Amino acid sequence: QVQLVESGGGLVQPGGSLRLSCAASGIIFRIYDMGWYRQAPGKQRELVAAITSGGSTNYADSVKGRFTISRDNAKNTVYLQMNSLKPEDTAVYYCKSTGPYALWGQGTQVTVSS
């Protein structure tokens, strides 16, 4: 089955950390560029971080220095390490594949609140 499945979301206090995972199945993961997006209530979905098949990365200005995207091709998984979380990081986080299949995961909720 061709799909992306996110995990790792939850409730965390400001300043805390979370690591999101996105497991791919049914695709040749290593050839895909991958991205993490987020959508907060009432806002448009935005790109948070992306990683190419070759490992190059880019980040939204709002998360630079706090978030790190990485991939493990042996595990068909892309990660988003989120540190120093802020209330404005609260959103549903989605992973997306770019390649022969353009797939979206189902999303995982991240809530940053005291």
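I need a count of the residues in region 64-88 that are within 12 Å of the chain's Cα centre (by Cα) and free of Cβ contacts under 8 Å to residues at least 60 places away in the same chain.
The initial filter retains those residues of region 64-88 that are within 12 Å of the chain's Cα centre (by Cα), namely 67-71, 77-82.
When the remaining residues are screened for being free of Cβ contacts under 8 Å to residues at least 60 places away in the same chain, the result is 67-71, 77-78.
Number satisfying all stated conditions: 7.
Of the conditions (1) of a type in the set (Gly, Ala, Ser); (2) free of Cβ contacts under 8 Å to residues at least 24 places away in the same chain; (3) on the phi > 0 side of the Ramachandran plot, Gly8 clears all except one; give me its number.
Status for Gly8: all satisfied but (2).
Give Gly42, Gly54 a once-over and let me know the one that is on the phi > 0 side of the Ramachandran plot and out of contact with any Asp or Glu (no Cβ under 6 Å at 6 or more places or on another chain). Give the steps one after another, and end with the answer.
On the way: Gly54 fails: on the phi > 0 side of the Ramachandran plot.
Gly42 is the lone residue from the list that is on the phi > 0 side of the Ramachandran plot and out of contact with any Asp or Glu (no Cβ under 6 Å at 6 or more places or on another chain).
Which fully enclosed strands (runs of 3 or more DSSP E) of region 1-51 have 1 or more residues being open to solvent by 40 Å² or more (accessible area, probe 1.4 Å), under 13 Å from Arg71 (Cα atoms) and modelled with pLDDT under 95?
Numbers: elements: 3-7, 10-12, 18-25, 33-39, 46-51.
Once the strands (runs of 3 or more DSSP E) in region 1-51 are filtered for at least 1 residues that are open to solvent by 40 Å² or more (accessible area, probe 1.4 Å), under 13 Å from Arg71 (Cα atoms) and modelled with pLDDT under 95, nothing remains.
Cβ-Cβ below 9 Å, separation at least six or inter-chain, first residue in region 28-45 and touching a residue at least 60 places away in the same chain (Cβ under 8 Å), second part of a helix (DSSP H, G or I): which pairs?
The qualifying pairs are Arg38/Asp89.
Kindly provide the set of residues from region 93-111 that are open to solvent by less than 60 Å² (accessible area, probe 1.4 Å) and either in contact with an Asp or Glu (Cβ under 7 Å, 6 or more places away or on another chain) or in a strand (DSSP E or B) (or both), ordered by number.
Of all residues in region 93-111, those open to solvent by less than 60 Å² (accessible area, probe 1.4 Å) come to 93-97, 99, 103, 105, 107-108, 110-111.
Of everything in region 93-111, those that are open to solvent by less than 60 Å² (accessible area, probe 1.4 Å) and either in contact with an Asp or Glu (Cβ under 7 Å, 6 or more places away or on another chain) or in a strand (DSSP E or B) (or both) turn out to be Tyr93, Tyr94, Cys95, Lys96, Ser97, Gly99, Gly105, Gly107, Thr108, Val110, Thr111.
The values are calculated or read from the model by the stated rules, or taken from the named source; none is laboratory data. The model shown is predicted, which means the values in this text are computed figures rather than measured ones. Glycine gets a Cβ as well: all are built from the backbone with ideal geometry, and neighbour counts include every protein chain shown. Heavy atoms of the whole protein, side chains included, go into the accessibility calculation; ligands, DNA and RNA do not. Shrake-Rupley method; radii C 1.70, N 1.55, O 1.52, S 1.80 Å.
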